[in-house]
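Attaching a single structure in structure tokens format; questions to follow.
The values are calculated or read from the model by the stated rules, or taken from the named source; none is laboratory data. Treat the numbers as computed from the prediction; the structure is a model and nothing was measured. All Cβ positions, even for glycine, are placed from backbone atoms using ideal geometry, and neighbour counts span all protein chains on display. Remember, those area values only see protein heavy atoms, side chains included, never the ligands or the DNA or RNA. Shrake-Rupley method; radii C 1.70, N 1.55, O 1.52, S 1.80 Å.
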Amino acid sequence: MTALMKLRYAATAAIAVFGILAGAAQADELADIKAAGEINIGIFSDFPPFSSASADMSIKGYDVDVAQKIADGLGVKLNLVSVTGQNRIAYLNDDRVDLLMSVGYSKERAEVIDFAAPYAPYYIAVIGPAALKVSGKEDLADKTVAVNRGTLEDTSLTAAAPGSAAIQRFENYNSVIQAFISGQTQLMVVGNDVGAQVLARQDELKPEQKFQLLSSPSHIALRKGEEGLKKAVNDSVAAMIADGSLDASSKSWLKAPLNPENLKD
């Protein structure tokens, strides 16, 4: 074999090896999930009403309903993986989970992960008793309002409320809820996750959502470049909206019908 032939052979072999490695790097996650017969989805284990332990110690909630529907649509077994706010992005990019539930969109996150369509409403709302007429920020004038100090709820309320509103700031959500339930304040401002728990338990007070201050829906996150999986997730969410199952989960867990407007970034 001449020196030129040897050089060409080596180059051909190198290209072949590179092609194998490139193919592995670009493996289709959706195909891998179907081949394995299971999907690993990361959720918060204590994030009611989206996910939390039930009486039989199984994890249930809005996110679990959606995760199960995605798994069913793919024809695979669902494995729920407990994650935290600190480790979940690493879990996704290290291939320890295939998807993440309850991820808010941000430009910074979009640099390292991808986002499927929004599936869960997250918004900050003013909540008050049904008997109290409040429909917009101008109606907060001369009202007492409880809010968790230093949170996004606090800054949103402060920006919207008239000067005569009496904002009472507390150190945690339990104190905010207690102030509202006890009548110390007429209204409270919380996220719809916290609000759902109050709406579900206070039949006598008959609390209701008056209006929203801010909306930032939750997305399902996945690794970058997984267009097949992204389409499958988007198709599942669209099917859940079309057949009413997402609305049913919203009524069950969030104690409110699903408003498609709350799924817009």
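With the condition kept exactly as written, say whether any residue in the range 101-110 is at pLDDT below 95 and closer than 15 Å to Val189 by Cβ.
No.
Taking the options Ser102, Ser156, name whichever one is open to solvent by less than 50 Å² (accessible area, probe 1.4 Å), within 30 Å of Lys69 (Cα to Cα) and among the hydroxyl-bearing types (Ser, Thr, Tyr).
Just a single option satisfies the conditions, and that option is Ser102.
Another question about this same structure. Tell me which residues, restricted to the range 68-92, are small (Gly, Ala, Ser) and under 15 Å from the mean Cα position of the chain (by Cα).
If the condition is that a residue be small (Gly, Ala, Ser) and under 15 Å from the mean Cα position of the chain (by Cα), then Ser82, Gly85 are the ones that fit.
Another question, if that's okay. For the range 105-127: of the residues being out of contact with any strand residue (DSSP E or B) (no Cβ under 9 Å at 6 or more places or on another chain) and either touching a residue at least 12 places away in the same chain (Cβ under 8 Å) or over 12 Å from Pro217 (Cα atoms) (or both), which is most open to solvent (accessible area, probe 1.4 Å)?
Checking each candidate, the answer is Lys107.
I need the full set of residues from the range 177-202 which are open to solvent by less than 10 Å² (accessible area, probe 1.4 Å) and in contact (Cβ under 8 Å) with a residue 60 or more places away in the chain, in order please.
Matches in the range 177-202: Leu187, Met188, Val189, Val190, Gly191, Asn192, Gly195, Ala196, Val198.
Starting from the range 244-261, keep only residues that are over 11 Å from Asp65 (Cα atoms) and at pLDDT below 95, then list their pairs with residues that are open to solvent by 70 Å² or more (accessible area, probe 1.4 Å) and assigned to a helix (DSSP H, G or I) whose Cβ atoms are within a distance under 9 Å, requiring at least 6 positions of separation or different chains.
The qualifying pairs are Pro257/Lys251; Leu258/Ile241; Leu258/Lys251; Pro260/Ile241.
Something else: Does the range 216-224 contain at least one residue that is more than 20 Å from Tyr62 (Cβ to Cβ), more than 19 Å from the chain's Cα centre (by Cα), surrounded by fewer than 16 Cβ atoms within 10 Å (Cβ to Cβ) and not aliphatic (A, V, I, L, M)?
Checked against the condition, which is being more than 20 Å from Tyr62 (Cβ to Cβ), more than 19 Å from the chain's Cα centre (by Cα), surrounded by fewer than 16 Cβ atoms within 10 Å (Cβ to Cβ) and not aliphatic (A, V, I, L, M), the range 216-224 yields no hits at all.
With (1) within 21 Å of the chain's Cα centre (by Cα); (2) at pLDDT below 95; (3) of a type outside the set (Val, Ile, Thr); (4) over 21 Å from Ala160 (Cβ atoms) as the list, and Pro121 as the residue in question, which single condition is left unmet?
Looking at each condition in turn, Pro121 falls short on (4).
Moving to a separate point now. Quick check: anything in the range 206-218 free of Cβ contacts under 8 Å to residues at least 60 places away in the same chain and either in contact with a helix residue (DSSP H, G or I) (Cβ under 8 Å, 6 or more places away or on another chain) or of a type in the set (Ser, Thr, Tyr) (or both)?
No: the range 206-218 contains no residue that is free of Cβ contacts under 8 Å to residues at least 60 places away in the same chain and either in contact with a helix residue (DSSP H, G or I) (Cβ under 8 Å, 6 or more places away or on another chain) or of a type in the set (Ser, Thr, Tyr) (or both).
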